[in-house]
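Q: This is the structure I have questions about; it appears just below.
Nothing in this text is a laboratory measurement; each read-out follows from the coordinates by a stated rule. Since the model is a prediction, treat every value here as computed from it, not as a measurement. Positions of Cβ are backbone-derived with ideal geometry, glycine not excepted, and every protein chain shown enters the neighbour counts.
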Amino acid sequence: MLIRKPDDIPSSEITDEKVYLSRRQWLAAAGAVALSGVPALAACQDGDDDAQPDKPNTWEQITTYNNFYEFGTDKEEPARLAPRSLRTRPWTVVMDGLCRKPARYNFDDLIRPHRIQDRTYRLRCVEAWSMVVPWNGIPLRDVLRRAEPLPSARFVEFTTLLDPNQMPGQRRAVLDWPYLEGLRMDEAMHPLALLATGIYGKPLPAQNGAPLRLVVPWKYGFKSIKSIVRIRFTDRQPRNTWNVSAPGEYGFYANVNPRVDHPRWSQANERRIGELFRRRATLPFNGYADQVASMYAGMDLRRNY
Amino acid sequence: MAFRPSPRAERILNRLVKPAVWIGGLWPLALVVVAVVTGTISANPLEDVTDRTGKAVIILLMVTLAVSPVRRLSGWNGVIAARRPLGLFAFFYACLHFLIYLFDHTFSWGLIVEDVVEHPYVTAGFAALLILAALAVTSTKGWIRRLGKGWQKLHRLVYLAAGLGVIHFLWAVKKDLREPLVYAAVFAVLMAFRLPLLQKKRKKTEIRARPPVERDAPAV
C-alpha cells in the first residue's frame with residue numbers, strides 16, 4: 001500500500017497550502033502510528049495508483065452539501081440555517097454509563113489534553129455519493145479511555161443535541177429525535193475512529209456537526225453522528241436512528257459494502273462529489289478493508305448490514 | 001362555482017393562453033440554466049438537475065390535468081388550448097430528466113437496464129416516460145383524426161402516467177415524504193374531477209357526429 005510523499009503530489013491536486021502542510025503533519029502522524037505497530041492510515045491512496053486519486057473536496061463542497069436533518073432535509077438547508085441558530089459554546093459532553101469515571105465535560109476541557117491530528121478520510125453516504133474530507137480531530141479511543149470503560153461495556157452510544165429552538169428541523173418528527181448512533185467497543189477503539197473538531201484547519205462549521213462529531217470512515221455516513229452531547233458505555237447494542245426509522249434499509253453496522261444493496265438502490269458505485277464524468281466503484285469498507293475487515297471476520301455482512 | 005368570463009375578457013384570455021404556457025413551460029429550464037451559470041447549483045449538479053427536471057414534469061402534469069376542471073368550472077373554453085403545449089412541455093422535461101439520469105449513470109447500459117428492472121421506483125418512472133412519449137407522438141391533429149374515438153381512450157393514459165410519476169417520486173425519496181405527498185393529494189383532487197364526468201361523457205360522444213377537433217375536444 002503506497003503512501004505518496006508530498007513532493008509526489010502534482011500541483012493540480014494541491015487545493016490549498018494549508019492542505020499541503022497538513023498532509024505533511026498527517027504523514028508524520030501516520031509514521032508515528034506505524035511505529036506503534038498499527039497499520040498506516042491509507043486515507044489518500046489505495047493500493048491501486050492507476051485509477052483514481054482521492055483529491056480532497058473543496059471547502060465549498062464540504063460545507064454546502066450536507067445531510068443534517070436537524071436543520072431540514074434539503075442538502076442546502078444546513079448551511080443556510082445551522083450557523084444562524086446552533087450555539088456551539090458553551091457545549092457540554094457527558095460521558096457516562098458503564099465506566100469508572102463518568103463526567104460532564106466542557107467542550108474545551110474535553111479537547112485540550114489532546115493533540116489535534118489531521119486525518120483526510122473518504123466519507124461515503126448511504127445515498128451513493130462520497131467526498132474526501134481533511135478532518136482535524138482526536139482519536140475517539142483517546143477520549144473514551146478517559147472515562148475508563150468497564151469490561152462489561154460492549155458498546156458505545158452517542159447522542160446529538162436535542163433542542164428544537166437551535167435545530168428547527170427537530171420541530172418535525174421526520175426522524176426520532178434526538179439522533180442516536182452506536183459502535184461496538186472494538187470499532188470505537190479502532191485507531192481510524194475520529195472525534196472531529198475541524199476541517200482544513202478551521203473549526204467545524206455548524207452544518208458539519210459543530211463543535212464535535214464522529215467520523216467512522218469505513219461505514220456509511222449516517223454513522224458519523226454530529227454535534228455530540230453524550231457518550232454512553234453500554235452492554236446492549238444501542239438503537240441507531242436510521243435503523244429505527246427504516247429497519248429494512250439501514251442497519252447497525254452499516255459497513256460500506258458494494259455487494260449489499262440498499263433495498264431501493266444499488267451500492268455498487270458512487271458519485272464522488274466534484275467528478276462529473278464517471279462514477280467510482282464502491283470499495284468494501286470504503287477502501288479501509290486492510291485496517292478494519294478483521295473486526296468482522298466470520299460475520300455475515302449481508303445479515304448484519 | 002363557475003365564474004364565466006365576459007366575451008371581452010374571454011378574447012383577452014384566449015390571446016394570453018399560448019404565451020403564458022410558453023413562459024411557464026420554459027421557466028423551469030431557465031431556472032436551471034441560471035442556477036448552473038451563477039454557481040448556485042448544488043455540489044452534486046447531476047442530482048440537482050435531475051431533481052429540478054423531475055419536479056418540472058410532475059408540476060406540468062398536474063397543471064395539464066387541471067385544464068379540463070378549470071374549463072368546466074369557469075366556462076372559459078379557450079383554456080383548452082393550453083392542454084397540448086403543457087403536456088408536451090411535461091414530456092420535454094421528462095426527456096431531460098431521463099437524459100440527465102442516463103448521464104449520471106455514465107450511459108452504462110447494463111447498469112441502467114438493471115436499475116429499471118430491479119428498482120421499482122425506476123420502473124415506475126420509465127413506464128411513465130414511455131406513456132408520455134406515446135402521448136406526445138399522438139398529440140397532433142393528424143393523429144386525433146386518425147385515431148378517432150380511440151384517441152380519447154389512449155390519452156386517458158395521462159392519468160396513469162401522472163400516477164406513476166407520483167409513485168416514482170414517493171419511492172425515490174429517502175425519508176421526507178412531505179413533498180411527494182403534496183403532489184399525491186393534488187393528483188387525487190384532480191382525478192376526483194374525472195369521476196362524475198366519465199358518466200356524462202358517454203352521452204356526449206354518442207351525440208357527436210364528427211371527430212373531435214382540438215378546440216372541441218371533450219373535457220378529459
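Q: Between their Cα atoms, which of B:LYS18/B:LYS55; A:LYS226/B:LYS55; A:LYS101/A:LYS223; B:LYS18/B:LYS149; B:LYS18/B:LYS141; A:LYS55/A:LYS75 are more than 19 Å away from each other?
A: Details: B:LYS18/B:LYS55 22 Å; A:LYS226/B:LYS55 30 Å; A:LYS101/A:LYS223 26 Å; B:LYS18/B:LYS149 26 Å; B:LYS18/B:LYS141 17 Å; A:LYS55/A:LYS75 22 Å.
Going by Cα-Cα distance, B:LYS18/B:LYS55; A:LYS226/B:LYS55; A:LYS101/A:LYS223; B:LYS18/B:LYS149; A:LYS55/A:LYS75 fall outside the 19 Å limit.
Q: Follow-up question, since we're still on this one. Can you tell me, using C-alpha contacts under 8 Å and at least 6 residues apart, the relative contact order of chain B as a whole percent?
A: Details: 191 pairs, mean separation 48.0, N = 220.
Relative contact order here is 22 percent.
Q: Return the equivalent ellipsoid semi-axes of the stretch B:7-203 as a descending list in whole Å, where each equals the square root of 5 times an eigenvalue of the C-alpha gyration tensor. Intermediate values should be presented prior to the final figure.
A: Working: eigenvalues 181, 86, 54 Å².
Semi-axes, largest first: 30, 21, 16 Å.
Q: What does the average come to when, for each residue of peptide A:271-279, you count the partner chain Cβ atoms lying within 10 Å of its Cβ?
A: On the way: counts 6, 1, 5, 3, 0, 6, 2, 1, 6.
Mean partner-chain Cβ count within 10 Å for A:271-279: 3.
Q: Further, regarding this structure: Using the Cα centre as the reference, give the magnitude of the dipole from point charges on the C-beta atoms of the stretch B:7-203 (Lys, Arg: +1; Asp, Glu: -1; all else neutral), rounded to the nearest 20 debye. Could the numbers behind the result be given before it?
A: Numbers: 24 positive and 10 negative charges, 393 e Å.
In debye, rounded to 20, the stretch B:7-203 gives about 1880.
Q: To the nearest 10 degrees, how steeply does helix B:83-104 sit against the main Cα axis of chain B, on a 0 to 90 scale?
A: Long axis of B:83-104 versus the principal axis of chain B: about 10 degrees.
Q: Averaged over peptide B:170-179, how many Cβ atoms belonging to another chain are found within 10 Å of each residue's Cβ? Provide the component values of the computation, followed by the final result.
A: On the way: counts 0, 1, 2, 2, 13, 10, 8, 1, 3, 2.
Mean partner-chain Cβ count within 10 Å for B:170-179: 4.
Q: Quick one: if you stick a label point 7 Å off each Cα along the C-beta vector at A:ALA173 and B:VAL36, how many nm between them?
A: Here the answer is 4.2 nm between the modelled labels.
Q: I've got another one for you. Using Stokes-Einstein with the Kirkwood hydrodynamic radius over Cα pairs, what translational diffusion coefficient do you get for the stretch A:89-148 at 37 °C and a viscosity of 0.692 mPa s, in µm²/s rounded to a whole number? Walk me through the numbers before you get to the answer.
A: On the way: Rh = 13.6 Å.
D = 242 µm²/s.
Q: Among A:214-222, A:79-87, A:201-209, how do they line up from the highest to the lowest mean number of other beta-carbon atoms within 10 Å? Could the numbers behind the result be given before it?
A: On the way: A:214-222: 25.0, A:79-87: 17.3, A:201-209: 20.2.
Per-residue mean Cβ counts within 10 Å order the peptides as A:214-222, A:201-209, A:79-87.
Q: Convex hull volume of the Cα atoms in the stretch A:61-194, per residue, in Å³? Could you put the intermediate results ahead of the total?
A: Details: hull volume 17.1 nm³, N = 134.
Enclosed volume per residue, from the Cα hull, is 127 Å³.
Q: How big, in percent, is the set of alpha carbon pairs in the stretch B:1-75 lying more than 18 Å apart? All intermediate terms of the calculation are to be shown ahead of the outcome.
A: Details: 1548 of 2775 pairs.
When all Cα pairs of the stretch B:1-75 are counted, 56 percent exceed 18 Å.
Q: Starting from 0.36 nm per residue, how many nanometres of slack lie between A:ASP290 and A:ARG145 once their C-alpha separation is accounted for? It would help to have the intermediate numbers written out before the result.
A: On the way: separation 145, 0.36 × 145 = 52.20 nm, distance 2.46 nm.
Taking A:ASP290 through A:ARG145 to full extension adds about 49.7 nm, to one decimal.
Q: Measure off 7 Å from each Cα along the Cα-to-Cβ vector at A:ALA103 and B:PHE193, then give the distance between these two points in nanometres to one decimal.
A: Here the modelled spin labels are 6.8 nm apart.
Q: Distance in nm between label sites at B:PHE3 and B:GLU179, each 7 Å beyond Cα in the beta-carbon direction?
A: So the label points at B:PHE3 and B:GLU179 sit 3.0 nm apart.
Q: Could you grab the Rg to Rh ratio for the protein assembly as shown? Cα atoms only, Kirkwood for Rh.
A: Working: Rg = 27.9 Å, Rh = 26.1 Å.
Reported Rg/Rh, Kirkwood definition of Rh: 1.07.
Q: Between B:VAL137 and A:ARG80, what is the FRET efficiency for a Förster distance of 45 Å, r being their Cβ-Cβ separation, to the nearest 0.05?
A: On the way: r = 43 Å, r/R0 = 0.95.
Here the calculated transfer efficiency is 0.55.
Q: For a quick check of your reading of the filter: which chymotrypsin sites (Phe, Trp or Tyr not before Pro) in the stretch B:49-141 sit in a DSSP loop and have no more than 16 other Cβ atoms within 10 Å? Don't skip to the end; give the middle numbers.
A: On the way: sites: B:TRP76, B:PHE89, B:PHE91, B:PHE92, B:TYR93, B:PHE98, B:TYR101, B:PHE103, B:PHE107, B:TRP109, B:TYR121, B:PHE126; in loops: B:TRP76, B:PHE107.
Loop-located and lightly packed - B:PHE107.
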